[in-house]
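Okay, so here's the structure we're looking at.
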Amino acid sequence: MVRQPIRAFDYLPKHRRIETAVLGAIRRVLDSGSLILGPEVCSFEQEFAHYAGAEAGIGVNSGTDALTLALQALGVGPGDEVITVANCGVPPVAAIGACGATPRFVDTNAEDHLIDPANLERALSPRTKCILVVHLYGLAAEMNEILDFARQHDLKVVEDCAQAHGSTYRGWHVGCFGDIGCFSFYPTKNLGAYGDGGICVTNDPNLEKRIRMLRFYGFDDERVAVMPGINSRLDELQAAVLRVKLKYLRDDLHERRTIARRYLDGLRGSDLQLPVPMKDREHSYHLFVIATPKRPRIMAALESDGIGYGLHYPVPVHFMEAYQSLGYGPGDLPNTEQAAHSVLSLPLYPGLEAERVDRVISALTSVG
Ligand SMILES: *Cc1c(COP(=O)(O)O)cnc(C)c1O
């Protein structure tokens with residue numbers, strides 16, 4: 001029997017279910033005569049802000065731009081330091097760099113790979129302006145402690161929610177705990193566009209206004225630039241697709257959690273480190289990340305069975321060539337470095353059938 005390959009991520013099963021609605025939305029935009037900053041973006045901004053429990057949303061070109069513009073709106077610039085983590089891929093660090101500021105890394109904790117608030121103090125300096133919190137893999141960071149620390153030291157807080165659409169902390173959706181929440185709509189995310197996109201959400205009308213200006217050349221209402229800005233607009237086609245997909249987000253999250261529960265049940269009792277369900281935080285399972293010292297053997301077993309996987313992330317940012325000048329070295333972020341060797345993300349997306357999940361579980365448990 002030929003076994004079908006299982007991809008780590010696939011948008012097609014979901015696309016097939018909603019194709020008619022998506023094509024209808026695309027046709028509506030093409031017939032409207034408005035492709036940039038029109039009614040679709042305006043409506044999507046309101047609908048997504050409402051979903052996340054925020055007063056306002058500002059659609060932008062990508063999640064990375066959302067982070068960059070959020071930091072700039074808060075006045076982060078050259079000479080400032082921003083505290084963040086090094087196990088997040090590059091985007092948050094790139095955003096800090098794009099503002100001319102300097103990242104200061106804190107180590108994560110070994111259980112859930114999220115920023116460890118106990119390490120914040122060590123990264124603090126007189127130049128620290130902001131904490132960029134990453135809700136990694138779909139689990140909210142320990143916000144109460146982070147917000148307390150920020151208040152004590154008069155720091156701004158930006159939340160990177162690129163992996164956390166649908167993630168809650170003490171019953172509230174992430175993105176509204178800090179000053180600004182930033183989401184990505186990269187196709188793999190919990191809410192994915194058919195291309196690039198992102199959004200900032202905030203409850204502060206002044207920050208909303210500043211981000212709106214920053215994303216559009218710093219223009220005021222007369223189209224005169226009153227601050228240096230860039231072009232980072234969400235386009236009408238992506239906004240229209242996202243409006244359709246937002247309607248299905250709750251179903252998609254339910255499906256993600258059902259798949260995650262199947263993995264948890266099937267792998268309980270194995271020696272793999274599994275995500276820990278938390279009472280006060282609802283995991284959105286953007287990624288189902290296991291950790292194991294046997295990773296090379298697990299990878300080989302998955303590959304030989306045609307099963308895709310991801311590594312999020314195999315090289316911590318402080319080890320990357322581009323960031324050597326920050327001055328970090330081996331041993332500076334022990335949990336981050338340890339996780340880079342041991343984490344592995346299992347296939348997970350709406351439309352992934354239970355039998356395939358079971359095949360992944362069998363492949364994993366067959367490795368001694
Ligand atoms: C995907 C991602 C981003 C960036 O999003 P883009 O839309 O690809 O720019 C930022 N932070 C994290 C943690 C991400 O996973």
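The values are calculated or read from the model by the stated rules, or taken from the named source; none is laboratory data. Everything numeric here is computed off the predicted structure, so don't read it as measured data. Every residue, glycine among them, receives a Cβ derived from its backbone with ideal geometry; neighbour counts consider all protein chains shown. Calculation scope for accessible area: heavy atoms of the full protein, side chains included, ligands and nucleic acids excluded. Shrake-Rupley method; radii C 1.70, N 1.55, O 1.52, S 1.80 Å.
Worth a mention:
- Contact order, relative form, for segment 40-126: 22 percent (alpha carbon pairs under 8 Å, 6 or more residues apart, mean separation divided by residue count).
- Relative pair counts by distance (%), Cα atoms of segment 53-128, 5 Å bins: 3, 16, 22, 21, 19, 13, 5, 0
- The residues of the chain expose, per residue, 44 Å² of accessible area to a 1.4 Å probe.
- Fraction of the pair-distance distribution of the chain above 32 Å, Cα-Cα pairs, percent: 33
- Mean Kyte hydropathy of -0.5 or more with a Cα span along the axis of at least 18 Å, helices from DSSP in the chain: 12-32, 39-52
- Estimated 222 nm signal from helices in the chain, with DSSP H stretches of n ≥ 4 weighted -39500 (n - 2.57), rounded to 500: -11500 deg cm²/dmol
- Expressed as a whole percent, the accessible surface of the chain that belongs to carbon and sulfur atoms is 51, based on a 1.4 Å probe.
- Descending semi-axes in whole angstrom, ellipsoid equivalent of segment 196-305, from the Cα gyration tensor: 43, 17, 15
- Tail weight of P(r) past 24 Å, computed on alpha-carbon pairs of segment 98-250, percent: 41
- Across the alpha-carbon set of segment 237-368, the Rg to Rh ratio works out to 1.03, Rh being the Kirkwood radius.
- Averaging over all projection directions, the Cα-based convex hull of segment 1-50 occupies 5.8 nm² in the image plane.
- Between ASP271, ASP160, ASP116, the GNM of the chain built on Cα springs shorter than 10 angstrom shows ASP271 fluctuating the most.
- Counting only DSSP beta bridges with both residues in segment 154-306, the antiparallel share comes to about 80 percent.
- Taking segment 61-200 and dividing mean pair separation by its residue count, relative contact order in percent (alpha carbons under 8 Å, at least six apart): 25
- Rounded Å value of the spacing that divides the Cα centres of segment 1-72 and segment 162-239: 12
- The residues neighbouring PHE216, those whose beta-carbon lies less than 14 Å from its own, together hold a net charge of -1 under the Lys/Arg +1, Asp/Glu -1 convention.
- Taking the chain as a Gaussian network of alpha-carbon nodes connected by springs under 10 Å, the highest mean-square fluctuation of the residues TYR169, TYR186, TYR323 belongs to TYR323.
- Measuring nothing but how far apart in sequence close Cα pairs (under 8 Å, 6+ apart) lie, relative to its length, the chain scores a relative contact order of 23 percent.
- Highest-first arrangement of 339-352, 306-319, where packing means the average Cβ count within 10 Å: 339-352, 306-319
- Most mobile listed residue (LYS156, LYS209, LYS279) in the chain, GNM with C-alpha springs under 10 Å: LYS279
- Residue ranges 241-249, 283-291 sort as 283-291, 241-249 when ordered by packing (mean number of other C-beta atoms within 10 Å per residue, highest first).
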